[in-house]
Amino acid sequence: MFGRKKTIQKHYIIISQDDHGVRQSNLSRRRLFTFSAMAVVGLAAIFFVSADSLTDILYKSKIAKVKQNYSMLSLTLENLQDELTAMIDNVKSIEEKDKALRTYADLPQIDKDIRKLGIGGVRLAENTRIDDGLTDRIKSLEMDVQSLSRKVKLELSSYSDIYNKVTEDVDMMHAIPSIRPMEGGYLNSNFGYRKDPLNGKVRFHYGQDITVNSGNIVLAPADGTIKEARYRGGYGKVIKIDHGYGYTTLFGHLSNYNVEKGQKVIGLSFDYGQRHKRELQAAKAIASHFNLSEHHIININLSKWGGSSLTDLEQSVHSKGVIAGVIPNTYVPGRNTVFIAIGLSLAEAKQANQLVLGINAMDYSGYPDCRPDYLEEFQKLANLANKAGREGNGIQLWAPLIQWSKVKIVKEAIRLEVPIHLTWSCYNGNKQACGVCDSCRIRDEAIRKAGYTNNLKN
């Protein structure tokens, strides 16, 4: 009744068709599995071989790139070493100049060992993962850089000391009385023993007696601060100036004085829309040269309405010489009136007692705001227009050069050692003065007649 179970084998039939007819292939399950396994093994072998080849190619490419980078790094190190060698040579040259400068500045020389070692330092790199040859070169370069860095820091410190010392020396030179306080006059008594002109007794005379006409201008012989301006018994009206660094000067028997105790000088310039800024650069240089306590540059644009060849670029600057009775086109309408008004405001705010003006009536007789009568009337207005004037402490408008000739001004500038080369007069703003405009010609002629021999190009 019971019989053996019949086993059913599965077969896979693959049918293909082409121009020659239909083909049929029978595959058993076992054979299909065998073919599949062989295909997988074949593909795995191909993949393994390809991966190994690809890895080898990538590895060789990486090695080639590392070698290239190594070569470039080596070349860079060589270039750095060459530049460092050149810098070391430059530092040696700087060291020699530093020795000369310290001698000039009267400073002690830096100890040889300190100069060799320098000051400060830099942190060296650690754990460099490069082959020994390149590592040694890098460490050597780092050591050289560290040595150079210390020497540079030492030189910077030394130059700072030299700068401070030279600056102090320059300030001291400005403070040393070195010019005659007045032009002309007769020196009738010097330092030393003499008979007192009043009682005939022989005693030491601590000063110089210079006889000049009453009203002659007396000037400070050096920078300083007014310490005394009053009447002193036996000396009359006196001014005492403290120049610093132990230098003082005392002027006695004065007919009058225009300074007060503690008086300082404040500079005031105007950017009024003129043709160029060259004159403002000169003003800054002169203010710096004389070490003014303050220097203000006020911006007021008068060029918006023109009216002058100095504020209107469409007009040509007058260069045909001064014509009597004719106001040239270089006259700027109301310029000095505006300048003085602002100057009075600054003077009152700073509690100054004088406003000193550089106007000169000899430039052009036609300029209406450079004349003595203009200044006299403006003084009356100044006394009424501010608080100081109403309280009886009016600000004095002082124009010491108003009636001086240009030649006299230049001679006085030479005597006072004014840096004429820093000044500017030309109406044009080129690098060098034009030498053609009226201002240039008047200036050049005055300099020539005054005997100023320095070669001026401005």
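The values are calculated or read from the model by the stated rules, or taken from the named source; none is laboratory data. Keep in mind the model is a prediction, meaning the values are calculated, not measured. Cβ placement follows ideal geometry from the backbone for every residue including glycine, while neighbour counts extend to all protein chains displayed. All accessible areas refer to the heavy atoms of the entire protein, side chains included, with ligands and DNA or RNA removed. Shrake-Rupley method; radii C 1.70, N 1.55, O 1.52, S 1.80 Å.
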Discussion item. Restricting to the range 198-238, name every residue that is under 25 Å from TRP404 (Cα atoms) and open to solvent by less than 80 Å² (accessible area, probe 1.4 Å).
Written reply: ILE210, THR211, VAL212, GLY215, ASN216, ILE217, VAL218, LEU219, ALA220, PRO221, ALA222, ASP223
Worksheet item: For the range 394-418, which residues satisfy the criterion of being open to solvent by 60 Å² or more (accessible area, probe 1.4 Å) and farther than 19 Å from LEU357 by Cβ?
Response: LYS411, ILE414, GLU417
Worksheet item: So which residues in the range 371-393 are open to solvent by less than 50 Å² (accessible area, probe 1.4 Å) and either basic (Lys, Arg) or in contact with a helix residue (DSSP H, G or I) (Cβ under 7 Å, 6 or more places away or on another chain) (or both), if there are any at all?
Response: TYR374, PHE378, ALA382, ASN386, ALA388, GLY389
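Okay, residues lined up against (1) assigned to a helix (DSSP H, G or I); (2) in contact (Cβ under 8 Å) with a residue 60 or more places away in the chain:
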| site | (1), (2) |
| --- | --- |
| ASP373 | yes, no |
| GLU377 | yes, no |
| LEU397 | no, no |
| PRO400 | no, yes |
| LYS408 | yes, no |
| GLY429 | no, yes |
| GLY435 | no, no |
| CYS440 | yes, no |
| ASP444 | yes, no |
Worksheet, complete the sentence: Among (1) part of a loop (DSSP other than H, G, I, E, B); (2) farther than 21 Å from ALA282 by Cβ; (3) under 31 Å from the mean Cα position of the chain (by Cα), ALA361 falls short only on (3)
Discussion item. Considering only residues that are modelled with pLDDT of 70 or more, open to solvent by less than 50 Å² (accessible area, probe 1.4 Å) and aliphatic (A, V, I, L, M), which ones fall in the range 95-137?
Written reply: LEU107, ILE110
Fill in: Filtered residues of the range 383-424 (kept if under 15 Å from HIS289 (Cβ atoms) and of a type in the set (A, V, I, L, M, F, W, C))
ALA413, LEU416, VAL418, ILE420, LEU422, TRP424
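To keep it simple, each residue is scored yes or no on (1) over 29 Å from HIS289 (Cα atoms); (2) in contact with a strand residue (DSSP E or B) (Cβ under 7 Å, 6 or more places away or on another chain); (3) without any contact (Cβ under 8 Å) to a residue 24 or more places away in the chain.
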residue	(1), (2), (3)
TYR163	no, no, yes
TYR186	yes, yes, no
SER189	yes, yes, yes
LYS195	yes, yes, yes
GLY234	yes, no, yes
TYR245	no, no, no
Worksheet, complete the sentence: Taking the range 386-404 and keeping residues at pLDDT below 90 and small (Gly, Ala, Ser) leaves ALA388, GLY389, GLY392, GLY394
Practice prompt. Considering each residue of the range 276-295, count those that are open to solvent by less than 70 Å² (accessible area, probe 1.4 Å) and either within 30 Å of ASP209 (Cα to Cα) or basic (Lys, Arg) (or both), and give that number.
Written response: 1
